[in-house]
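First comes the structure, then the notes that go with it.
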Amino acid sequence: MVVALLAVGCTSQPTAGASPGPAFNATDTAWILLMIPMTERAQLLTDLAPSRTADPSLAKLAAKTGSTLRGDLRRLRAVLRLSGVPDTHPHEGHNMPGMVSLATLEKAAATNGQAFDRILSDALRAGFTQSRLLCAGEQTHGQADEARELAAAIARSTAEQSSQLDKLRAAQPATSGDETTRDNGITAIEAGQAESVWAAKQLGRPIVKAWHSIAPSRSRTGSSRREVRTASRSRRGRQHARA
């Protein structure tokens, strides 16, 4: 079912065009068209690592990941051509769970050292997690052997890279409190995960957003201004009396 796959990603459907090949169903093509931009964004981030990371081990992992991503892209595009569905870029400009956002790429390109390493490792971790989830959906609901086999291969390589990243992070010294403040943001959200989805995962329960439009209290503002004027007149009166 295509719904099962799209529920964990973006809801955009492939644009109407050539019909999928007889062995491909809607889940196959939706998975391919979603994985291509996710892989492209992740590759752009790993390409920044050689000149910006402060950790040689992380640089090595980024290089290996980047090489794997380039291979994945070639195979994804080949399978897409085999399906007969044109690449209409249905997810262009979207920020989805696990996808490296354009804002994250800009921030990473302007950062060096340990700050860059945190952006890279957090974004990769979010991407690995989402990629494995999407590949599991394709393996369960996809139809084309070519797509399902590629999903299985990507899931295996992603699990291996995720394990290596976890070992690197475990070996890193704990960061100081000021490095985990809210001002630094939550990289998973910056990487494209919706805030409500992130919060729901932390709390273990669904999140329902509520909006309000409470305007600032005018009476409070007016009262404050009157207090300032009264205090100012009082000071001038005392100064005049002393004179």
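The values are calculated or read from the model by the stated rules, or taken from the named source; none is laboratory data. What you see is a predicted model; the values in this text were computed from it and never measured. Neighbour counts are summed over all protein chains in view; Cβ atoms, including those assigned to glycine, are modelled from backbone coordinates with ideal geometry. Note: areas computed on protein heavy atoms with side chains; ligands, DNA, RNA excluded. Shrake-Rupley method; radii C 1.70, N 1.55, O 1.52, S 1.80 Å.
So how far apart, in nm, are the two label points at THR88 and ALA63 if each is 7 Å from Cα heading toward Cβ?
4.2 nm
Can you give the three extents of the C-alpha atoms in region 58-118 along their principal axes, from longest to shortest, in whole Å?
44, 26, 17
With a 1.4 Å probe and every protein chain left in place, tell me how much accessible area LYS107 has, in Å² to the nearest 10.
Spelled out: LYS107, probe radius 1.4 Å, area about 80 Å².
Under 12 Å from the Cβ of LEU73, count the other residues' Cβ atoms, weight Lys and Arg +1, Asp and Glu -1, and hand me the total.
So the surrounding residues net to +2.
Around ARG52, under 12 Å between beta carbons, what's the net of Lys plus Arg minus Asp minus Glu among the other residues? Walk me through the numbers on the way to the answer.
On the way: positive: LYS107, ARG118; negative: ASP47, ASP55, ASP117.
So the surrounding residues net to -1.
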